Amino acid sequence: MTQNTIIAAVALSAHAANAQTPSTPRETTGGGSGSEARPTILLVHGGFVDGSGWAGVFTRLRKDGYTVSIVQNPTTSLADDVAATRRAIEASTGRVILVGHSYGGVVITQAGNDPRVVGLVYIAAFAPDNGESVAKLIANPAPGAPVPPILPPKDGFLMLDRAKFAAAFAADVEAPLGAFMAESQLPWGVDALNGAVTEAAWKTKPSWYLVATDDRMIPPDAQRFMSKRAGATVVETPGSHAVYVSRPEPVANLIAQAASAVRVASSK
């Protein structure tokens, strides 16, 4: 793989709001198996970062009574990351909603075929079709698309240039945190970049998508294309690729709307 191909792939790497359903007096807050129980929410991070970035979203959802867990996928390969997500699903009680950011969208698209998964939420994420990988999705980036500062692979892993990380990945995150994110990067495996989905869960499961309109890792138009193809309910919000860090409230609101929608659907 050439450096240009890798850069093109990462350039794209990195829901939509349906009408909010009122809660009912019988709503429960755990991951119970009854039709009135809220599903468990599993948050899946993408490349170059770990699950700690979900802190703001996690706190808001927990405060609202949801059962929430963070999947610390290793980002070594798609198979490894799907396996980590499946372990988290198995450890959960009742039904599950998977939430993926960036490359995490590829992971939930594959792992979402588990029968306990009742919904998928994509946050500025890839939503690949069958046979697609991150590399394949962005083999031909649009003219003028931003080029993330990806460094040449080393020992099978990719990193972003630390000096340029904040501008590309987290432009609206407070400067000290953006600098920390740059220094604490989790190397992203080239095998993860090339991992292809075999069965896209969004073909059979409802999905939601949040488009970050200021994203410089995955162009907003690419996000709109993928979300439309998946038939997702879409909401757009200003924000960088790290919108789940900088603006956790609209992210948490969309996840809560998805959870409410699957509860209503299961009770009919």
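Give region 107-123 a look and list any residue that's in contact with a helix residue (DSSP H, G or I) (Cβ under 6 Å, 6 or more places away or on another chain) and either within 21 Å of residue 215 (Cα to Cα) or in a helix (DSSP H, G or I) (or both), or say none.
107, 109, 110, 111, 120, 121, 122, 123
Give the residue that is surrounded by the fewest Cβ atoms within 10 Å (Cβ to Cβ), with candidates limited to residues of region 200-225 that are more than 19 Å from residue 149 (Cβ to Cβ) and in contact with a Pro (Cβ under 8 Å, 6 or more places away or on another chain).
Restricting to residues being more than 19 Å from residue 149 (Cβ to Cβ) and in contact with a Pro (Cβ under 8 Å, 6 or more places away or on another chain), the top hit is 213.
For residue 230, indicate whether it is of a type in the set (A, V, I, L, M), touching an Asp or Glu at 6+ places or on another chain (Cβ under 9 Å) and surrounded by 22 or more Cβ atoms within 10 Å (Cβ to Cβ).
So residue 230 passes the test.
Is region 133-152 home to any residue that is under 30 Å from residue 259 (Cα atoms) and in a loop (DSSP other than H, G, I, E, B)?
Scanning region 133-152 turns up at least one residue that is under 30 Å from residue 259 (Cα atoms) and in a loop (DSSP other than H, G, I, E, B).
Report yes if some residue within region 81-101 is assigned to a loop (DSSP other than H, G, I, E, B) and within 23 Å of residue 226 (Cβ to Cβ); otherwise report no.
Within region 81-101, not a single residue is assigned to a loop (DSSP other than H, G, I, E, B) and within 23 Å of residue 226 (Cβ to Cβ).
Condition test on residue 176, is it in a loop (DSSP other than H, G, I, E, B) and either out of contact with any strand residue (DSSP E or B) (no Cβ under 6 Å at 6 or more places or on another chain) or basic (Lys, Arg) (or both)?
The answer is no for residue 176.
Looking for something β-branched (Val, Ile, Thr) and surrounded by 15 or more Cβ atoms within 10 Å (Cβ to Cβ) - is there at least one such residue anywhere in region 192-199?
Taking every residue of region 192-199 in turn, at least one turns out to be β-branched (Val, Ile, Thr) and surrounded by 15 or more Cβ atoms within 10 Å (Cβ to Cβ).
Taking only region 48-74 into account, find how many residues are farther than 26 Å from residue 250 by Cα and either touching a Gly at 6+ places or on another chain (Cβ under 7 Å) or not in a loop (DSSP other than H, G, I, E, B) (or both).
0
Please go through (1) modelled with pLDDT of 95 or more; (2) among the β-branched types (Val, Ile, Thr); (3) farther than 22 Å from residue 204 by Cβ for residue 44 and return the number of the only condition it doesn't satisfy.
Answer for residue 44: the failing condition is (3).
Would you pick out the residues in region 236-250 that are assigned to a helix (DSSP H, G or I) and of a type in the set (Gly, Ala, Ser)?
246 - this is the single residue of region 236-250 that is assigned to a helix (DSSP H, G or I) and of a type in the set (Gly, Ala, Ser).
Can you spot a residue in region 124-132 that is over 13 Å from the mean Cα position of the chain (by Cα) and of a type in the set (Phe, Trp, Tyr)?
For region 124-132, residues over 13 Å from the mean Cα position of the chain (by Cα) and of a type in the set (Phe, Trp, Tyr): absent.
Listed residues 96, 134; which is more than 22 Å from residue 185 (Cβ to Cβ) and crowded, with 23+ Cβ neighbours inside 10 Å?
Numbers: 134 fails: more than 22 Å from residue 185 (Cβ to Cβ).
Step by step, each of 96, 134 is checked, and only 96 is more than 22 Å from residue 185 (Cβ to Cβ) and crowded, with 23+ Cβ neighbours inside 10 Å.
This table checks each residue for (1) modelled with pLDDT of 95 or more; (2) part of a strand (DSSP E or B); (3) not small (Gly, Ala, Ser).
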site	(1), (2), (3)
223	yes, no, yes
228	yes, no, yes
234	yes, yes, yes
253	yes, no, yes
265	no, no, no
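The values are calculated or read from the model by the stated rules, or taken from the named source; none is laboratory data. All of these numbers come straight from a predicted model, not from anything done at the bench. Every residue, glycine as well, gets a Cβ built from its backbone with ideal geometry; the counts of neighbours run over all protein chains shown.
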